[in-house]
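For reference, the structure discussed in these notes is given below.
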Amino acid sequence: MAAASFPPASSSGGWDFTCNFEVDYGSEEQASIIYKTLAVDKELQPDKVKREMTLSGSKLAVHFAAVEARFLRASFSAFVDLMGLVTKLVEEYGVAKEGHS
Amino acid sequence: MSSSPSPASRRPTGPLALGLESSANKIGIGVVSLSGEILSNPRHTYVTPPGHGFLPRETAQHHLVHLLPLLRAALAEAGIAPSDLACVCYTKGPGMGGPLQVAAAAARALSLLWSKPLVAVNHCVAHIEMGRAVTGAVDPVVLYVSGGNTQVIAYSEGRYRIFGETIDIAVGNCLDRFARVLELSNDPSPGYNIEQLAKKGEKFIDLPYVVKGMDVSFSGILSFIEATAIEKLKNNECTPADLCYSLQETLFAMLVEITERAMAHCDSKDVLIVGGVGCNERLQEMMRIMCSERGGRLFATDDRYCIDNGAMIAYTGLLAYAHGETTPLEESTFTQRFRTDEVHAIWREKEMPVMTNIHTDAMAEVSKDEASMPTPIIVDS
């Protein structure tokens, strides 16, 4: 479902530590809800970690770039944990259950 | 930890709200009606081992795990479907960033999934509104005391104004950190265990008493007692109970003093105590004595309502919603710093006749000569 890659360090202006992954939710609506939910909170240290999200159809692609590995690790793990919760909520209360108590 | 009984059979009329709270070490989700009826209010507390406080990362992890089960319980206990809700409310702040984010993100997702408006709520204002709704106190001087906040507040011209506050750590933080020195249990809360131990205290140990005008300071007292405790306990000069007793008496006397001064400023006779430390019965007793000397009344609630919970967020959000206030998704952020007086309490300006659902069972309206202490808080069967 998700693929992560850690390209070797390059001279990309200090943003040497990157991580990309993509999740296919199988539903455009679900992917869009997760995207909108997670897009509100900005990265707290934009000079150290950047996060970009791209929504294409039912697929949500996330790109992280950081100046140090520890910043990447902290931001990435916090983000993925939250994404897990939001995904669970969407699965529980998603379209299929609409109108059903 | 605990939740209120839920009469799912008698459905209140009027709009309902769901509230999510996760600003500190509790996560709570509640469903309330605009009349102040609590349909459900389950919560779960992150309890750390003795000697340890709670850290943001671990606390957020705890909340992530418990959110969904609590949400299911809140809806089931209330006997409602998401479609019955008018809005979804969450704590915007103040609090710890990581933990706050859990409820904020969940509220956004639910708002989108259920097509319900979002309402961001100030945690401190929520404590006040919950206290007012539960006790029926109309316009009291409010003492808000918890692990993260210590403020004396009164309403004036659209806002809850802060008359006095701590200039360093919160009173609950002072108590919690002293509990760590003594390695008391954090279950159900360090403050509760200090309170129980303090009842056995016999000797009063002089501690610094730090009131600066309308403000208080606790960090120096904590440093002093941390040093004193180790020394005196080693020499068998006092017991841990004596220290707990002395600390409580000193801290609470300071709080009573600034509350009394605020009452004089505002020409108000009623006091409402809210926040987690507010369920300390010794604090309630000391405040009650002061109030009765001034011919006033003390309003306080038990642990179901004064400790952080989802219902207080739902209720306050619903008050704002009923006055046309909602939070657009893009603005549904959270913030660690969010002062009580930043909120325009629009619902106080044109007060609604909704306070019909006073929870007499949870109310400690302690005005007369009730000599024996145990607060008149009766947990209903």
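The values are calculated or read from the model by the stated rules, or taken from the named source; none is laboratory data. Please read these numbers as outputs of a predicted model, since none were measured by experiment. Ideal geometry is used to build each Cβ from the backbone, glycine not excepted, and the neighbour counts take in all protein chains shown.
The condition (being in a loop (DSSP other than H, G, I, E, B) and within 14 Å of chain A (Cβ to nearest Cβ)) is satisfied by just one residue among B:Phe338, B:Phe334: B:Phe334. State which residue is surrounded by the most Cβ atoms within 10 Å (Cβ to Cβ) when the search covers only region B:75-91 and only residues that are within 13 Å of another protein chain (Cβ to nearest Cβ) and closer than 15 Å to B:Pro117 by Cα. So, considering only residues that are within 13 Å of another protein chain (Cβ to nearest Cβ) and closer than 15 Å to B:Pro117 by Cα, the one surrounded by the most Cβ atoms within 10 Å (Cβ to Cβ) is B:Tyr90.
Yes or no: region B:51-70 includes at least one residue that is modelled with pLDDT of 95 or more, crowded, with 24+ Cβ neighbours inside 10 Å and not in a helix (DSSP H, G or I). The answer is no; no qualifying residue exists.
Would you check if B:Ile273 is within 21 Å of B:Cys306 (Cβ to Cβ), touching a strand residue (DSSP E or B) at 6+ places or on another chain (Cβ under 7 Å) and either assigned to a helix (DSSP H, G or I) or not basic (Lys, Arg) (or both)? Yes; evaluated as a whole, the condition is true for this residue.
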